[in-house]
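A.B. asks: Right, I'll just put the structure down here and ask away after.
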Amino acid sequence: MSGSDIRDILQLGKTNETTVRRFKQSTEKRPEGFSRELYSLIGGAPPVAFVQPTYKAKYNVKKKAVPWVLQPFANPARAGDLILQHWVKASDATNEDYGFAKFNKVIDVVEFTDEEYDRYLTDPEWTKEETEYLFSLCRQYDLRFPIIEDRYDLPKPRTMEDLKDRYYSVSRKLFKERPALDNNTDRQTLIQQYSFDKSKEVERKQALIILSNRTKEQMDEEEALLVEARRIELNEARLGKEREGLLNMLQLEQLQQVPSTPGTPTTHSALNGGSLGSTPGGIGITGGTASAASGSDVKKKKKSVPEEAHSHKKGRRASNASIVEEIVPEKKEKLTPGVYVRSQKLPTVKPTMQQKVLKVMEELAIGARPVMPTAQVCHKFEQLQNSILNMFELKKVVDKMEMEHKMKTQRSRDGTPAVVNRDGANRKRSSSTAGQSSAPREKRRK
């Protein structure tokens, strides 16, 4: 709806003012090569210095054309005297050789005489004619064996591996039997350059054929395995930490399930003829067969001691035989629910002794856990731990005895009497104090 329609509806007259036409300002197109921000900063048309030329320079027709000549040449790579021609600039026209002749590299294929063939190169699988025909093809096609195999035209068919094996074996024998060359080339190096293993080449090609005949499913499976192997390599450190934490958790769980019992000599073992000594459970090992035995002995002793005290209080007399006859049946080892590893049942060392035991095992080149935890290996491993802990226990006793011996020798040197026990020391002190107190009493009487 226009303004005149609105005026007609409102019954307004026409305006006397002339309508002013507003012309839309033409916006200049941003030239190529200028960013939008730079063009807005310049403001309007850019200066002439920034304007790129939009015209192409005219071709200079006044310039003289370079003359070309048709020059004949002979290719030294050809055996005949064929003369060819090619166009060259007049300034470059010279009588020199063909420029591309330097790229004609000829391979030196060894040659052999009849005498050398009869002495060194005889082979029941190859005749002399076949060998000479093979070497002629090698010279003609520059040792390109796929072409040589295609051009090999004799009644007996040969594979590419047979051709390579025959060529390299002949060359190797010739270099080995001929005298040394004049230059400084090492003969052994040449022999190694011509080494060829036919069986390995056949295996390599068969592997490549198998690799090329893979299906899409096999390729996807192999790619997934490679990705998984790369992921395992990247997470190897994290997996090692998790494995170590799992072992520590299993050890802590075993410590909570099987409480440690201090091994002390029991009266039952002495009465039964056993030797008095510390059991493996008292020196840092918890769990296992040794700890179970020590725990049963302690339970027997704890049960026998209250009964003796009760009998003394009531005036009953109990003989040693009755004490020995009181045997408490050993508790069987609790079976952990579910599947468990045999190494999980190995006795754990106390935390205070763990570092010392590990250090001794490192000196013996033995790991912290057995690699193959069979029944015999676990038994021997437990015996080794018990022996190491016994050694540390004996070392403590020896150090204590040595310290007491040093103290006694020091006292004997100083002239002070050695104190046997606390009771003797108290008696000596009481007698000396009694003599000192009697002396002033006698003075008062006088």
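A.B. asks: I need the peptides 378-386, 402-410 ranked by packing, meaning the mean over residues of other C-beta atoms within 10 angstrom, with the highest value on top.
C.D. replies: So the order, starting with the most tightly packed, is 378-386, 402-410.
A.B. asks: Order S387, S91 by their accessible area, 1.4 angstrom probe, all chains in place, largest first.
C.D. replies: Largest accessible area first, the list is S91, S387.
A.B. asks: Provide the net charge surrounding E130, with neighbours chosen by a C-beta distance below 12 Å and charges set as Lys +1, Arg +1, Asp -1, Glu -1.
C.D. replies: Once positives and negatives cancel, what remains is -2.
A.B. asks: Just add up the charged neighbours of F196: K/R +1, D/E -1, any other residue whose Cβ is under 10 Å from the Cβ of F196.
C.D. replies: The answer is +1.
A.B. asks: Tell me, what is the FRET efficiency for I42 and E244 to the nearest 0.05, using R0 = 60 angstrom and their Cβ-Cβ distance as r?
C.D. replies: My answer for the efficiency is 0.35.
A.B. asks: Now, a different point. Given a Förster radius of 51 Å and the C-beta distance between Q71 and V202 as r, what FRET efficiency does 1/(1 + (r/R0)^6) yield to the nearest 0.05?
C.D. replies: In this case the efficiency is close to 0.45.
A.B. asks: Still on this structure: Using a 1.4 Å probe and counting only protein heavy atoms, arrange Y39, Y340, Y59 so the residue with the most accessible area comes first.
C.D. replies: Y59, Y340, Y39
A.B. asks: Moving to a separate point now. How much of the accessible area of the range 204-247, in percent, comes from carbon and sulfur atoms when a 1.4 Å probe is used?
C.D. replies: 60
A.B. asks: With r defined as the distance between the Cβ atoms of I83 and N104 and R0 fixed at 25 Å, what FRET efficiency is calculated, to the nearest 0.05?
C.D. replies: Taking R0 as 25 Å, the efficiency between I83 and N104 is 0.90.
A.B. asks: So how much slack lies between L154 and M219, counting 0.36 nm per residue of separation and subtracting their Cα-Cα distance, in nm?
C.D. replies: 19.3 nm
A.B. asks: So for the pair T94, A180, with labels modelled 7 Å out along Cα→Cβ, what separation do we get in nm?
C.D. replies: Distance between label points: 4.2 nm.
A.B. asks: Per the 1.4 Å probe, what fraction of the accessible area of the range 53-92, in percent, lies on carbon and sulfur atoms?
C.D. replies: Using a 1.4 Å probe with all protein chains present, the range 53-92 comes out at 58 percent carbon and sulfur.
A.B. asks: Provide the per residue accessible area, probe 1.4 Å, for the range 74-207, rounded to a whole number of square angstrom.
C.D. replies: 72
The values are calculated or read from the model by the stated rules, or taken from the named source; none is laboratory data. Source: prediction; values computed, not measured. Positions of Cβ are backbone-derived with ideal geometry, glycine not excepted, and every protein chain shown enters the neighbour counts. Ligands, DNA and RNA are excluded from the accessible area calculation, which covers all protein heavy atoms including side chains. Shrake-Rupley method; radii C 1.70, N 1.55, O 1.52, S 1.80 Å.
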